[in-house]
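J.: Sharing a structure here in structure tokens format.
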Amino acid sequence: MTSSPDSLEERAPALLTTCGGIDFRNPVLTASGTFGYGQEFDALLSLRGLGGLVTKGISPQPRFGNPPPRICETAAGMLNSIGLENVGVEAFAREKLPFLRTCGTRVLVNFFGTTFDEYVDCGARLAALDGVDGLEMNVSCPNIKAGGIEFGRDPLVLGGLVKACRAVVRKPLWVKLTPNTSDIVALARACADNGADAVSIINTITGMAIDVRTRRPKIATVFGGLSGPAIKPVALRMVYQVHRAKIPIPICGIGGIQDGTDAIEFLLAGASCVQVGTQSFVDPASAERIIREIEECCRAQGVTDVRELIGALAVGQ
């Protein structure tokens, strides 16, 4: 007797998920700063197969970034101090967006400024562009008026920034949170209370590396952002803390994802989708592979819908 084509064994698990007002064909996106403007990876994997991609951070005017050396490998990860190099809003709209409109997947544009006014201006200009499905605010930039601290480290400052951008951005607005904080829940709550549609958790962790032969830092700015597998336990913990606190907006999980199992860990901790970052440097087609591995894991565990995994972590008795 042949099995029905609709049998559980043959039916592919549903991978559709929703996060922050955007429907994705699967829960795997690529992370800002690790995937260029998308077109750089077009020959290396199927962009149409991704849940979505997040562009390099865009600022109102072009930025040339920090002096080299500005990247180095570390144990189980890497440090970078690129300095948010990007082409600026006008060149992005003119040179990068035409390709993104045809790439076949959801497009979120990461953006930032160095003042409130720059954030608002940049967000408004990007949100007005066709082909942009949503925006992701990078709030790790120094706020000069608040003494040089990152916008995203003080809940009051962050809340005011989100509220100001929300007033001019009609598309889904996500906020990428810094892990360099003692209270990630307070930051996520400030985002939710002021109109954000989702939070991306986490950005890089501040670190450094030293060359013992030259007795100099391995990157020119001394400090840089640590990413890769080394930060995964921290990222998982923060995703779970925000989910457990019942902050009323969804979470996109980021940090050290190498394979499908890693991605599912983030879903179980409470993320509605994930972003693959540093692994794209190791294996440019890793995001595509991770999607297949999530599907295989769901099949093996009898999971018919990937959304069953979101927040399904079993804790305690």
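Computed from the coordinates by the stated procedures, all read-outs in this text should not be read as laboratory data. Fair warning: this is a prediction, and the values are worked out from it, not measured in the lab. We place every Cβ from the backbone using ideal geometry, glycine too, and count neighbours over all the protein chains shown.
J.: What size of dipole, in debye to the nearest 20, comes out for the chain about its Cα centre when the only charges are +1 on Lys and Arg C-beta atoms and -1 on Asp and Glu C-beta atoms?
T.: The calculation lands at about 840 debye.
J.: Divide the volume of the convex hull of the Cα atoms of region 144-196 by its number of residues and quote the answer in cubic angstrom per residue.
T.: About 73 Å³ per residue, rounded to a whole number.
J.: A 23 angstrom limit on the alpha carbon distance is what I want to check against. Which of Lys176/Lys232; Lys145/Lys176; Lys96/Lys232; Lys171/Lys232 exceed it?
T.: Lys96/Lys232; Lys171/Lys232
J.: Once each part is reduced to its C-alpha centroid, what is the distance from region 195-232 to region 281-317 in angstrom?
T.: If we compute the Cα centre of each part, the gap is 27 Å.
J.: Among rounded, prolate and oblate, which fits region 1-145 when a ≥ b ≥ c are the square roots of the eigenvalues of its C-alpha gyration tensor, a/c under 1.5 means rounded, and a/b larger than b/c means prolate?
T.: prolate
J.: Once both axes come from the Cα atoms, what is the angle between helix 184-193 and the longest principal axis of the chain, in degrees from 0 to 90, rounded to 10?
T.: 90 degrees
J.: Of all beta bridges DSSP finds with both residues in region 173-306, what is the antiparallel percent, to the nearest 5?
T.: Of the beta bridges lying entirely in region 173-306, close to 40 percent run antiparallel.
J.: If amide hydrogens are placed 1.01 Å from N in the peptide plane, which non-local residues have theirs closer than 5 Å to the one on Val139?
T.: Hits under the 5 Å cutoff: Lys176.
J.: What is region 75-150 by shape, rounded, prolate or oblate, if you read a ≥ b ≥ c off the alpha carbon gyration tensor as root eigenvalues and call it rounded for a/c under 1.5, prolate for a/b larger than b/c, and oblate otherwise?
T.: In terms of gyration-tensor shape, oblate.
J.: Let me ask another. Out of the DSSP beta bridges found with both residues in the chain, what percent are antiparallel (nearest 5)?
T.: 40 percent
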